[in-house]
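As structure tokens, the structure follows; a few thoughts come after it.
The values are calculated or read from the model by the stated rules, or taken from the named source; none is laboratory data. Bear in mind the structure is a predicted one, so any value in this text is a computation, not a measurement. Using ideal geometry, Cβ is built from the backbone for each residue, glycine included, and neighbour counts are taken over all protein chains shown. Heavy atoms of the whole protein, side chains included, go into the accessibility calculation; ligands, DNA and RNA do not. Shrake-Rupley method; radii C 1.70, N 1.55, O 1.52, S 1.80 Å.
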Amino acid sequence: MLRIAIVGCGKIADQHVQAIRRFPDCIIVGLCDRELLMAKQLGERFGINSCFSELQEMLETTGPDVVHI
């Protein structure tokens, strides 16, 4: 299973989530945006609970293999 995190949760992030979810061996483990509300809103739309405003905290907490920026 490939663990993926997303940094930057603006409008294009929806496309990242949809593209990642096309691959059965991938899971989104975290979302990060300087504005925590943006990460939380993206998380709500796609059922992703791990939302952060600090990159280092997300990396340490979720341990992703890949980070989409």
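Apolar share of the accessible surface for the chain: 52 percent from carbon plus sulfur atoms, 1.4 Å probe.
When averaged across all projection directions, what area in nm² does the alpha-carbon convex hull of the chain cover?
Values: hull surface 15.5 nm².
Average of the hull's projected areas for the chain equals 3.9 nm².
About its Cα centre, the chain has a charge dipole of approximately 280 debye under the convention of +1 per Lys or Arg Cβ and -1 per Asp or Glu Cβ, with nothing else charged. Since only C32, I4, Q15 are under comparison, the one whose Cα sits farthest along the positive direction of the charge dipole of the chain, derived from C-beta charges on Lys, Arg, Asp and Glu, is Q15.
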